[in-house]
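Encoded as structure tokens, here's the structure I'll be asking about.
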Amino acid sequence: MLDTITIRQMPFDFPDEIDPVFIERDHQRSFGFIAGSLLLPYLEPYLIRSMKAAQKHVTDPKVLEGLKGFAAQEGQHYRMHMKFNAAVKRAGFPGLEVLEKELSDDYQRFTKTKSLRFNLAYAEGFEAITMNAIKSMMGENGFGEDLPDYMEMMEWHFVEELEHRTVAFDVYNDVCGGYFYRLFVGAWAQWHFISWIKRATRYMLKVSPQPKRSAKEIAEQKAADLMGNASSVRRLIPALLRTYLPTYSPHNVEIAPGIQTLADKYTAMAIKTS
Ligand SMILES: [Fe+2]
Ligand SMILES: [Fe+2]
């Protein structure tokens, strides 16, 4: 299920300015979501650079085909997130610029000074954790009907992450290989980008603090949360731990048939596909 990589140019449009607290009265999770989105215009181009550098070393034609699809999909993702991020940043948070510069410098430095093996292991560290988290968050059928634009954008992005779920793993193994190296660099990569997301979230909360909420309000918001309901959290931990095992392969991750339905929906919605 979900074994082709389709590059979709999507028509999502955002208002000029987006209220950064788009989950009502929940600054914490709104800003966490935004920080994740802010990461992508730096991280995804870095992944593309790593893949392009690996391209001439790939021996398996199927892996090469996947690599090209991966790079093209990630290219669409970060451009769309840039549009969303620009709309959010018009609402304030000038200090994000310094944090973003730091992140951009990190990724440029990795491309220039780190080995291809490191960069590919970083890529798989990111892909493994996000793909498995996405699978848990989406469940059998995704986030449901009548989603706000930003959630539809996420759902489209997530579907494509699932479509290219095996690429970074296969490229690493085809070009370099080695379980322990991938494990350590992958875990470091996860620490690296998660700490950045946390810092960006903390900064936004300092500028616009979380108002006090009652326990009841917190519980209600959690229950209504499209991306983090209790059952998905229960599924998430074992799924993430599995990615550290020597037997882990994204080829063995099963994708629910409902996700293919979503992939078809976004193909139909796209302005252009290839
Ligand atoms: Fe992506
Ligand atoms: Fe990806």
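The values are calculated or read from the model by the stated rules, or taken from the named source; none is laboratory data. Since this is a predicted model, take the numbers as computed values, not measurements. Glycine gets a Cβ as well: all are built from the backbone with ideal geometry, and neighbour counts include every protein chain shown.
Look through 38, 64 and report the one residue that is in contact (Cβ under 8 Å) with a residue 24 or more places away in the chain and either within 16 Å of ligand 1 (Cβ to nearest atom) or surrounded by 15 or more Cβ atoms within 10 Å (Cβ to Cβ) (or both).
Values: 64 fails: in contact (Cβ under 8 Å) with a residue 24 or more places away in the chain.
Being in contact (Cβ under 8 Å) with a residue 24 or more places away in the chain and either within 16 Å of ligand 1 (Cβ to nearest atom) or surrounded by 15 or more Cβ atoms within 10 Å (Cβ to Cβ) (or both) holds for just one of 38, 64, which is 38.
Evaluate segment 73-90: report whether one residue or more is within 16 Å of ligand 1 (Cβ to nearest atom), β-branched (Val, Ile, Thr), touching a residue at least 24 places away in the same chain (Cβ under 8 Å) and in a helix (DSSP H, G or I). Lay out the reasoning, then the answer.
Of the residues in segment 73-90, the ones within 16 Å of ligand 1 (Cβ to nearest atom) are 73-85.
Then keep just the ones that are β-branched (Val, Ile, Thr); that gives none.
No, there is no match, as no residue in segment 73-90 is within 16 Å of ligand 1 (Cβ to nearest atom), β-branched (Val, Ile, Thr), touching a residue at least 24 places away in the same chain (Cβ under 8 Å) and in a helix (DSSP H, G or I).
Spot the failing condition for residue 53; the list is (1) part of a helix (DSSP H, G or I); (2) more than 17 Å from the chain's Cα centre (by Cα); (3) under 19 Å from residue 274 (Cα atoms); (4) not basic (Lys, Arg), and only one is missed.
It is condition (3) that residue 53 fails.
Give, as residue ranges, the helices (runs of 4 or more DSSP H) completely inside segment 128-209 that count at least 1 residues that are under 13 Å from the mean Cα position of the chain (by Cα) and of a type outside the set (Phe, Trp, Tyr). Give the derivation first.
Working: elements: 149-163, 167-175, 179-207.
Counting at least 1 such residues, we get 149-163, 179-207.
May I pose another question? Among 219, 224, 168, 187, which is the only one that is at pLDDT below 90, of a type in the set (A, V, I, L, M) and over 19 Å from residue 34 (Cβ atoms)? Walk me through how you get there before you give the answer.
Working: 224 fails: over 19 Å from residue 34 (Cβ atoms); 168 fails: at pLDDT below 90; 187 fails: at pLDDT below 90.
None of the other options fit; the residue is 219.
Counting only residues that are part of a helix (DSSP H, G or I) and either of a type in the set (Lys, Arg) or surrounded by fewer than 21 Cβ atoms within 10 Å (Cβ to Cβ) (or both), how many does segment 20-31 have? Explain how you work it out, then say what you get.
Just the residues of segment 20-31 that are part of a helix (DSSP H, G or I), to begin with: 27-31.
Filter again for either of a type in the set (Lys, Arg) or surrounded by fewer than 21 Cβ atoms within 10 Å (Cβ to Cβ) (or both), leaving 27-29.
Residues flagged as part of a helix (DSSP H, G or I) and either of a type in the set (Lys, Arg) or surrounded by fewer than 21 Cβ atoms within 10 Å (Cβ to Cβ) (or both) within segment 20-31 amount to 3.
Has segment 180-194 got at least one residue that is within 16 Å of ligand 1 (Cβ to nearest atom), within 21 Å of residue 247 (Cβ to Cβ) and not aromatic (Phe, Trp, Tyr)?
yes
When only residues in segment 168-210 that are among the hydrophobic types (A, V, I, L, M, F, W, C) and within 24 Å of residue 143 (Cβ to Cβ) count, which is farthest from ligand 2 (Cβ to nearest atom)? If you could, list the steps in order and put the result at the bottom.
If we filter segment 168-210 for residues that are among the hydrophobic types (A, V, I, L, M, F, W, C), which is where we start, we get 168-169, 171, 175-176, 180, 183-185, 187-189, 191, 193-194, 196-197, 200, 204-205, 207.
This time we only want the ones that are within 24 Å of residue 143 (Cβ to Cβ), so: 193-194, 197, 200, 204.
On the way: 193: 12, 194: 16, 197: 16, 200: 20, 204: 25 Å.
Across segment 168-210, the extreme among qualifying residues is 204.
Could you check segment 109-124 and list, in sequence order, the residues that are touching a residue at least 60 places away in the same chain (Cβ under 8 Å) and either among the polar types (S, T, N, Q) or buried (at least 20 other Cβ atoms within 10 Å of the Cβ) (or both)? Walk me through how you get there before you give the answer.
Applying the first criterion (touching a residue at least 60 places away in the same chain (Cβ under 8 Å)) to segment 109-124 yields 110-111, 116-124.
The answer is 111, 119, 120, 121, 122, 123, 124.
For the condition within 23 Å of residue 126 (Cα to Cα), surrounded by fewer than 21 Cβ atoms within 10 Å (Cβ to Cβ) and not basic (Lys, Arg), what is the one hit in 87, 53? Lay out the reasoning, then the answer.
On the way: 87 fails: within 23 Å of residue 126 (Cα to Cα).
Of 87, 53, the one residue that is within 23 Å of residue 126 (Cα to Cα), surrounded by fewer than 21 Cβ atoms within 10 Å (Cβ to Cβ) and not basic (Lys, Arg) is 53.
I'm told residue 125 meets every condition in (1) within 16 Å of ligand 1 (Cβ to nearest atom); (2) touching a Phe, Trp or Tyr at 6+ places or on another chain (Cβ under 8 Å); (3) at pLDDT below 95 except one. Can you identify the failing condition by its number?
Only one criterion in (1) within 16 Å of ligand 1 (Cβ to nearest atom); (2) touching a Phe, Trp or Tyr at 6+ places or on another chain (Cβ under 8 Å); (3) at pLDDT below 95 is unmet by residue 125, namely (3).
Identify, by number, the condition in (1) at pLDDT below 95; (2) in contact with a Ser or Thr (Cβ under 8 Å, 6 or more places away or on another chain) that residue 135 doesn't meet.
Result: residue 135 passes all but (2).
Right, something else. So, in segment 125-154, how many residues would count as being among the acidic types (Asp, Glu) and buried (at least 23 other Cβ atoms within 10 Å of the Cβ)?
Of all residues in segment 125-154, those among the acidic types (Asp, Glu) come to 127, 140, 145-146, 149, 152.
Narrowing further to those that are buried (at least 23 other Cβ atoms within 10 Å of the Cβ): 127.
Summing the residues that are among the acidic types (Asp, Glu) and buried (at least 23 other Cβ atoms within 10 Å of the Cβ) in segment 125-154 gives 1.
Go through segment 154-200 and report how many residues are among the charged types (D, E, K, R) and in contact with a strand residue (DSSP E or B) (Cβ under 8 Å, 6 or more places away or on another chain). Before you say what the answer is, go through the steps one by one.
The first filter runs over segment 154-200 and keeps only residues among the charged types (D, E, K, R), leaving 155, 160-161, 163, 165, 170, 174, 182, 198-199.
Next, only the ones that are in contact with a strand residue (DSSP E or B) (Cβ under 8 Å, 6 or more places away or on another chain) stay: 160.
Within segment 154-200, residues that are among the charged types (D, E, K, R) and in contact with a strand residue (DSSP E or B) (Cβ under 8 Å, 6 or more places away or on another chain) number 1.
State whether the residues of segment 123-139 include one that is more than 18 Å from residue 78 (Cα to Cα) and among the acidic types (Asp, Glu).
no
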